[in-house]
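Only one structure is covered here, and it is reproduced in the block below.
The values are calculated or read from the model by the stated rules, or taken from the named source; none is laboratory data. Worth saying up front: this structure is predicted, and the values here are computed from it rather than measured. Here the Cβ is made from the backbone with ideal geometry for all residues, glycine too, and neighbour counts use every protein chain on show. SASA here: full protein model, heavy atoms, side chains in, ligands and nucleic acids out. Shrake-Rupley method; radii C 1.70, N 1.55, O 1.52, S 1.80 Å.
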Amino acid sequence: MNINKLNKTLTDMGLFLDFSDIQLDIPLAFKAKYELSKGMLIEPQLSFLLIKEKRSGSIEAFIKQAEVMGKIAELPYVLVFSEISKETKKLLLKARIPFMDYTGNLFLPQLGAVLTTELPVFKDQKLSPSEQSVFIYLLLKETTTIIPAQISEKLHLSIATVYRVLKSFTNREWLRSKHGLYQFNQGLKDIFQESLDLLNNPVKKCVFINRNYFNQLMDNWMFKQELNLAGLAALSKLSMLDDSPPAFAISKRTYQQIMKGDPSGKQFILDKKVKNDIELQLWEYAPLSIVDSLVDPISLLLSLKDNDDPRVEIELENLESKIIKKLEEKDAD
């Protein structure tokens, strides 16, 4: 069984599987006929018995004997092929028999979806929060090197999610993949300008926190680690705008975790501002800081795009020009 090819098939689809040897008490005839391995899917957490024929036989016998070995292993089985034919794939899909091959075909009923290399790509579809977070990080980080484990650590995303996102960007032709390595397929400036209609305002909701309670929350490491200056207050630091009352960004997920751990804190949080309250923006993804604890410039641009103050509009145009200039400089390196 070619584990490297299976890994390539899976990671290209945004799935991450850990493989290990498995020993089963099965007839010698089965041991001579099949290669076995245990696969453990990282997200969601599922384990499978992977079974590949050493020499091709009838598909009916393959299925029957796989059923026996799956029961012995007490694991759901997955049939593995070097390359599955259309006729066999059609039969297995109809019977809901799980399978995968080395060329990008995969069916795992436990995941509730069919993934094949023939699925269409919708390039005009808006980016998901995870996609947008990774996209902005890749554009703005110092180097153009793409290391999935580094992205996972920096953005606190699972490695499986990162691989799914990179596969999506490859389908959009922003990236290219060769031997499991990813590189930009276009200039960063062109990718950014192409993406503008696909990016979303990251702000899900704004709440206002009593200043004293806000100061208490600063003792919470999750809160302090993720918190970054946002909104007009951040824009004023990057432009000629007058200083604005402070506003901070934090992910909606982290905020909900903190409130779950401190239900009494909700009494200090309002949907409307009262004098001296602090504005807290709840974002769809964890804010990324590039400079001086400010939210990243692309997310800042998106969060203020509906502001109709002429002075703000001018500064946002200037900010976009600065982003493009920075990307052009990286393209030239």
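Points to keep in mind about this one:
- Rounded to the nearest 0.05, the FRET efficiency derived from the C-beta distance between residue 153 and residue 29 at R0 = 35 Å is 0.15.
- Taking Cα centre as origin and charging only the Cβ of basic (Lys, Arg, +1) and acidic (Asp, Glu, -1) residues, the dipole magnitude of the chain rounds to 1240 debye.
- Gain upon complete extension [residue 260, residue 274; 0.36 nm per residue less C-alpha separation]: 2.7 nm
- Charge dipole (the chain, unit charges on Cβ, about Cα centre) - positive-most of 2, 251, 163: 2
- For the stretch 201-333, the gyration tensor built on C-alpha atoms gives a prolate shape. Its axis ratio a/c (a ≥ b ≥ c) is at least 1.5, and a/b is the larger of a/b and b/c.
- When each of the peptides 253-264, 277-288, 137-148 is scored by the mean number of other C-beta atoms lying within 10 Å of its residues, the order from highest to lowest reads 277-288, 137-148, 253-264.
- Here the stretch 155-206 and the stretch 52-74 have alpha carbon centers that stand 39 Å from each other.
- Pairs from 167/204; 189/322; 141/205; 205/266; 224/260; 33/64 whose Cα-Cα separation, in the structure shown, is over 19 Å: 167/204; 141/205
- Burial order of peptide ranges 20-29, 174-183 (average beta-carbon count within 10 Å, highest first): 174-183, 20-29
- Rounded accessible area per residue of the chain, 1.4 Å, Å²: 54
- Sites residue 178 and residue 236, calculated FRET efficiency, Cβ-Cβ separation with R0 45 Å, nearest 0.05: 0.50
- Stokes-Einstein translational diffusion, the chain - Kirkwood Rh over all Cα pairs, 1.002 mPa s, 20 °C, in µm²/s: 93
- Theoretical FRET efficiency, 1/(1+(r/R0)^6), r = Cβ-Cβ of residue 322 and residue 206, R0 30 Å, to 0.05: 0.70
- Seen from residue 326, the other residues with C-beta closer than 12 Å to its C-beta sum to a net charge of -2, counting Lys and Arg as +1 and Asp and Glu as -1.
- With K and R counted +1 and D and E -1, the other residues having a Cβ less than 14 Å from that of residue 82 yield a net charge of +2.
- With Cα atoms, 0 to 90° folded angle of helix 252-261 axis to the chain main axis: 90
- You can think of it this way: the chain between residue 86 and residue 171 has 28.3 nm of extra reach, that is 0.36 nm per residue less the Cα-Cα gap.
- Relative contact order (%) - criterion: Cα under 8 Å, at least six apart; region: the chain: 14
- In terms of packing, defined here as the mean over residues of other Cβ atoms within 10 angstrom, the peptides 184-190, 2-8 line up highest first as 184-190, 2-8.
- Here residue 1 sits with roughly 50 square angstrom of accessible surface, probe radius 1.4 Å.
- Kirkwood Rh, Cα atoms: Rg over Rh of the stretch 115-253: 1.02
- Fraction of accessible area attributable to carbon and sulfur, the chain (%, probe 1.4 Å): 50
- One decimal place: the segment residue 306-residue 145 gains 54.6 nm when fully extended, by the rule 0.36 nm per residue minus the C-alpha distance.
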